[in-house]
Amino acid sequence: MRVAVLAVQGAFAEHEQMLDRLGADYVELRKKEDLDRDFDGLILPGGESTVQGKLLRELDMFDPLKGRIEEGLPVLGTCAGLILLARRLCNDGRIHFGTLPVAVKRNAYGRQLGSFYTREKVKGVGVVPMTFIRAPYIESAEEGVEVLSRVDGHIVAVRYQNQLALSFHPELDEDLRIHGCFLGMMKG
Ligand code: GLN
């Protein structure tokens, strides 16, 4: 079982460290040819969604990855990764994969003071540390989307079929349970 980590921009190395600690095999996706490698799950890291979306298109990785997600490839999107997956963006006209039926607000906590830490319960996992960095939150979720966590009333974690998406950065704290949960999704 191998995880593909999108490694064109952002906090991919931190996800890889979590996978190392869990003893999980992974491959970095940096160029189109990397998509030919075998992998059973995909991590879309935090970073800058606009830049990531642009690079994915320029590198011809966008359509094949969208197709794999639509076919059921398990995917974990964190922060910018959540934005890439969202079907609607409240404050941005540019939709990326659009495979996750939620409406997301980018930089929802403000640009400068938008970084904070808290601990909150994630359904099926328990109370986990949550680091938010210029984070989005989910304004609304369509039917079929399971809300896994809320912070101050705002949705910050959801699961929809093969897609697990978070506003925060589990890879920046020590807790391995979210990544463990994702590896569980990959096992089916
Ligand atoms: N603000 C970033 C964006 O809109 C997301 C921030 C993050 O991934 N930490 O893409």
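Readers should treat all values here as calculations from the given coordinates under stated rules, not as data from a laboratory. In this text the structure is predicted, and so the values were computed from the model without any measurement. When we count neighbours, we look across all protein chains shown, and the Cβ atoms used for this are built from the backbone with ideal geometry, even at glycine.
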(message) Counting only helical runs of four or more DSSP H residues, what would the 222 nm mean residue ellipticity of the chain come to if each run contributes -39,500 (n - 2.57) and the total is spread over all its residues?
(response) -7000 deg cm²/dmol
(message) Tell me whether segment 122-188 comes out rounded, prolate or oblate; compute the Cα gyration tensor, take square roots of the eigenvalues as a ≥ b ≥ c, and use a/c under 1.5 as the rounded threshold.
(response) oblate
(request) Would you work out if segment 70-154 is rounded, prolate or oblate? Take a ≥ b ≥ c from the square roots of the eigenvalues of the alpha-carbon gyration tensor; rounded if a/c is under 1.5, else prolate when a/b is larger than b/c, oblate otherwise. (result) oblate
(message) Quick check: from the Cα gyration tensor, does the chain come out rounded (a/c under 1.5), prolate or oblate?
(response) rounded
(request) State which entries of Lys66/Lys187; Lys54/Lys123; Lys54/Lys105; Lys31/Lys66; Lys32/Lys66 exceed 24 angstrom in Cα-Cα distance in the structure shown. (result) Lys54/Lys123
(message) Using Cβ counts within 10 Å as a stand-in for footprinting exposure, how do Ser49, Ser149, Ser115 rank, fewest first?
(response) Ser115, Ser149, Ser49
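Multiplying the sequence separation of Val127 and Arg30 by 0.36 nm and subtracting their Cα-Cα distance, what value in nm do you get? Can you show the working numbers first?
Details: separation 97, 0.36 × 97 = 34.92 nm, distance 3.34 nm.
Separation in residues times 0.36 nm, less the Cα-Cα distance, equals 31.6 nm.
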